[in-house]
1. Mind checking whether some residue in the range C:494-513 is surrounded by 16 or more Cβ atoms within 10 Å (Cβ to Cβ), within 16 Å of ligand 3 (Cβ to nearest atom) and part of a loop (DSSP other than H, G, I, E, B)?
2. Condition test on B:P147, is it more than 11 Å from the chain's Cα centre (by Cα) and within 16 Å of ligand 2 (Cβ to nearest atom)?
3. Working only within the range A:37-58, note down all residues that are of a type in the set (A, V, I, L, M, F, W, C), away from ligand 3 (no atom under 16 Å from the Cβ) and under 22 Å from C:P185 (Cβ atoms).
4. May I ask you to verify whether C:A148 is in contact (Cβ under 8 Å) with a residue 24 or more places away in the chain and not assigned by TED's automatic domain parsing to the domain that holds C:I267?
5. Could you look through the range A:55-67, keep only residues that are touching a residue at least 24 places away in the same chain (Cβ under 8 Å) and surrounded by fewer than 24 Cβ atoms within 10 Å (Cβ to Cβ), and pick out the one that is farthest from the other protein chains (Cβ to nearest Cβ)?
6. Among the residues of the range B:144-203, write down those that are in contact (Cβ under 8 Å) with a residue 40 or more places away in the chain and within 14 Å of chain C (Cβ to nearest Cβ).
7. What are the residues in the range B:159-201 that are more than 9 Å from ligand 1 (Cβ to nearest atom), touching a helix residue (DSSP H, G or I) at 6+ places or on another chain (Cβ under 6 Å) and more than 30 Å from B:F266 (Cα to Cα), if any?
8. Can you pull out the helices (runs of 4 or more DSSP H) entirely within the range C:354-422 that have at least 1 residues that are free of Cβ contacts under 8 Å to residues at least 24 places away in the same chain and more than 22 Å from C:I718 (Cβ to Cβ)?
Amino acid sequence: MMAKNRISLEINGEAVEADVRPNRLLSDFLRDDLALTGTKRGCETGVCGACSVLVDGDVVKSCLSLAIQMNGCSLTTVEGLACDGAPSPLQKSFMECGGLQCGYCTPGFLMAASDLLARTSRPDVATIRKNLSGNLCRCTGYQGIVDAILDASEKMHGT
Amino acid sequence: MRDFHYLEPRTVSEATAMLADHGEEACVFAGGTALILALRQRMMAPGVLVSLGQLEEMRAIRFDPKEGLLIGAMARHNDIARSKIVRQHYPVVAEMAGGLANPQVRNQATIGGNLCYADPSTDPPACLLALGAELTIKGQHGARRIPMDEFNVDYFTVAMEPGEILTQIRLPPPDQEVTTFYRRHLRTPAEHRPVANLALAVRNRGGAFEDVRLIVGAATPAPQLLDGVQDYLSGRSVTAEVAAEAADRAAEEMFPISDGRGDEGFRRQVVRALTRRLVAEAANLDWKETE
Amino acid sequence: MNAFAPGLPTPQVTSQEKALGRATYAGDLKIAGMLHAKLLRSPHAHARILNVDVSRAIALPGVRAVFTGDDVPQRAWGVKHKQQHVLAREVVRFVGEEIAAVVAIDEDTAEEALDLIRVEYEPLPALIDPSQALEPNAVKVHPGGNLADEIGIVRGDVDSAFAEADIVHEETYTTHSQYPGYMEPMATLATTDGSGKLTVWTATQSVFLARQRLAEALDRPVSTVRVVQPTVGGGFGGKIIEERSSVIAGFLAAATDRPVRLCLSRIDDMLSGAFSVPMKIRLKMGMTRDGRITAKDVSIRADCGAYAGLAPEVMLVTAMRSDNMQRLEHTRSHAQLVYTHTMPRGAFRGFGGTQMAFALNSHLTAMADLAGIDPIELHRQNAIRTGDLSIHGWKIGSCGLPECLNQIEGAIGWTEKRSRPKQRGVLRRGIGMAAAMHVSGNRTMGNWDGSTIVLKVNEDGRVVVLTSEADVGQGSNTMLSQICAHELGVPLSHVSVQTPDTDFTPYCLGSIASRVTINAGKAMIKAAREARETILAAAAEKLGCDAIDLTIEDGVVQSTSNANHFAKLPDICRYHIFRHGGEGIHIKATHDPDTVMMDGDHYGNIAPAYSFAAQAVEVEVDTETGQVRLIESWLSDDCGKAINPLAVHGQSNGAAVQAIGWTLCEELQFEEGRLMNGNLADYTMPTADSVPEMHSSIVESMDPNGPLGAKGASETAILPGAPAIANAVFDAIGVRITDLPITPEKILAAIAAQKEKRDA
Ligand SMILES: Cc1cc2nc3c(=O)[nH]c(=O)nc-3n(C[C@H](O)[C@H](O)[C@H](O)COP(=O)(O)OP(=O)(O)OC[C@H]3O[C@@H](n4cnc5c(N)ncnc54)[C@H](O)[C@@H]3O)c2cc1C
Ligand code: FES
Ligand code: FES
């Protein structure tokens, strides 16, 4: 078995040091090593987006990343979105606008939406839909999710 | 996924040296999006991954009025799509890079990885080929430059030797009279990768096309220059009939692939449609009307 | 008034933990000492297993055990047809059938061990094409032959009715298998605990049906198995009775006497089957010139794959359910279910309804055209009405179908769009519609379709609801909480619904047949009212007044006649316990609807209520690339009463998009029974940017049997999508696609054929 490599990174504002095998996927590292199980595995081929996290502010798929690549990076997972344990405005909008049903896809959509809203404060519907093309949801038909992001952008950035 | 060593060189020459040291055992790791899938599916099992992740120099995007646009091979698709320089001088490239795959993959995958992997079902090759791209490749014994036309050899095969690294893509300074069009087509709107795409560069001299470059991608094993159609269009003033004829010729001339995303006949038909549309668009004709 | 009273849009009661990423799904669970399992699957559609050599796999460090068909119970399990084993024994009958399982310290090790198992097969000829299944010399999938089930239903005098019809139209339709595509691949954690009990946390739509299946497959008493439902990431029918990986996980835990987690990868999940039943439907209908349907003749050939599972029940729905949507007098149905050496198919949202809805609605639009009648008008004219008794004995207590039709007609601008001139350009738009019905509940199992709610009011006046009805994302816990809070007069946040657990929560059938709202909702009302009475009686005693005068509002018991008579709910609840002979408030209520099992002739009122839906869509067809794009979609759902409109809209929108997937972009590709696109990159489900805004509206027909008038929502909504799209495609380009999916190639071929015909 290969030696492990030491990585230092920041996850949800906390410094993390860990020894990882080079072939450890970021999604497995988060879920199995750090018990951050909010990040989901839905396809492990880069299609469904359930495993999305932010790396230095950019949304990426953690099933297409190695943990070792994250050395020196700052990550946000769904667990890092809440404000003092309470849902953030974006999370609230997902709850209130029907942005989730079974909830399995939700962490991934929240991360994609966070990336979008950080770049574009008031995206239009077409922009929102385009920016969700890396995430699949089988429950909502996307309508509630689009509504939630519109609602959040309004609440966060005013009309 | 099998075990491997993960190396992070700090310079390109260190990287090429590592690749030389480890020979066939070694493999370049860029964004990892293609490689990780291949490793997981055990399509390959390298003992050493040489990551280019720390090579900041390879991420840069610069514009030089003489040389043109210089894109580091480690630039991610979104770096290109969002680059002010690219958007100013080569809007078609920014548009292409911002429209491929999905937001996450655009934040992870690199243009170099995209070109080197040479998956036929991708966007950049045809577009870059139409713009006359030139590639810089470095090996242990120095650098070489090759035109993009010579790069893609076949499915998943490019004109690079083991141990070589693609470091930079150069697009010649834009010619203000030449317009480049690029369009990808998805089999269904829900599809993730293109079933075909088409790039067209033309100099429109008072209605007549000159210096035509027409490249079909994603529908062929490697991006294919459609010489016959280029010749047909050159010097011609384009009418709806000419566009339709060019489209038929393109469908005829291409060497389509056949897979789950579409068989040969379907791919020819899509390329016919794309060709007619882009040629008409380049001539300011409305392609939406027929009969 | 309560902000989340029944009728008001209410965020799911589970939404906070889901939004925070803290909801726990089966694959998130861990127990100390937990082992991981991986499954070896057959590469052959049909083969005899001659020998399985696991010695090298067992020798791999980290591997704890390897099991094959020789190790599993001999008893076969299944719904009605007992045909399957935990792992295949002797013969494999489809590519992907599980033949061995490895248990190891981690998934990577288990995966590696799979490669070390040597299996010797004797490949046998396979039956792949269902149309050959009943040929005299066809390869047999099971010793008894390839006919898994056959149904014949005749009502009235069909032949004379055809003779009297002015217009008779006949056509054959083909529907393909759809993958449920829940975002959570199947996951199970199972463990023993030294007491002889096997505890299984699994993604399921029904803990009791899961327990039943585990007990049968593992050949052990039902009560030695405990099934707990964690948060479930969608089911759509695939996580009901036919699911196999939970059975394997349970076996592995029992056999190793250790906790074992089995999380299917996406490809594993797809190879396991759980797809909808593909069918070929020949439909012949007769109609008078003025649009009255006189006769209907259906014949169906359905393919259940290697094992029957629920497919017979699914096919029965296809064969007769849609007959009840119209006032018909003469119908005939003949349906055959055949085995093939392909993955088992069965329950899927709509449960056989989608297949027939496609045929019937395509047919009705075609016939409307023949008669020169507007298809919406044709539907309206023949629609069954409130108070009717349908041809198969269904009592229609409420029917909002005409209102649904009106809504979609107005919303999409039907008349205006229909009268616009046919488009001639490259991109052509067209509109289409369809309508459908579904059951709310279905008395099929053991002559019981009941639901039991146990309600505990704690000493602080807050409520715990025990139920085994499964919330798999549809929001049933929210619906139950709303009803409970409303009836009891407590805030929604003071109600919590416990997770289904066969050892603690009451017996129920779970989330199948759109039965939860109508049945559990009724039981909830009963339980809450009884709890209210208990509380008021105690309060009356404590306050020294008459219970009749008391109400509960916002957690306070208050006299309506004397303002000085009031008490906080917690005080009353404590009073109920803390006295001689006192006890906690613990209420149990059951509702079993007044329905009947179908008789031998498939006649009888099986459900307490029936839901209806209609949908109109506009599409744009690219005549050069064959691409079809949805431009607009308007769906109207008669759910009786929307207890939570937010949830109903969510269900309708989700169903509409799932239907778009089935119709336009999802297609399983097989080569000799082998699934070629078993991943989400190549099996393409709709994305956010591939669909337009989904419009959903609600018709409230207030069913007399429903809780507060409510019926089931969600399954009905998936039914009209495919035919609405097919009808719109026809409207756009004048060609009718009768075999799903509507692929670009089929569009192009149809256009080419049309042109050839025109030019000839
Ligand atoms: C879900 C999904 C959808 C996608 N859709 C599209 C799409 O629509 N259009 C499209 O164009 N692409 C698409 N892609 C492909 C995406 O662009 C690729 O992942 C990308 O091409 C690979 O880039 P990478 O940096 O991740 O490469 P890696 O995975 O790191 O490397 C790929 C290969 O190239 C080699 N390599 C990488 N960089 C170099 C270099 N500089 N020099 C020498 N060799 C090198 C590696 O050794 C490896 O063999 C999609 C990918 C996914 C996962
Ligand atoms: S699990 Fe990473 S994209 Fe699906
Ligand atoms: S809410 Fe279930 S998959 Fe999106």
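The values are calculated or read from the model by the stated rules, or taken from the named source; none is laboratory data. Just so it is clear, the structure is predicted and the values come from calculations on it, not from any experiment. A quick note on method: Cβ atoms are made from the backbone with ideal geometry, for glycine too, and the neighbour counts reach across all protein chains shown.
1. Yes, the range C:494-513 contains a residue that is surrounded by 16 or more Cβ atoms within 10 Å (Cβ to Cβ), within 16 Å of ligand 3 (Cβ to nearest atom) and part of a loop (DSSP other than H, G, I, E, B).
2. No: the conditions fail for B:P147.
3. Matches in the range A:37-58: A:V53 only.
4. The answer is yes for C:A148.
5. Looking at residues that are touching a residue at least 24 places away in the same chain (Cβ under 8 Å) and surrounded by fewer than 24 Cβ atoms within 10 Å (Cβ to Cβ), I get A:G57.
6. Scanning the range B:144-203 gives B:R183, B:R184, B:H185, B:R187, B:E191, B:H192, B:R193, B:P194, B:V195, B:A196, B:N197, B:L198.
7. B:G163, B:P174
8. Hits in the range C:354-422: C:401-412, C:414-419.
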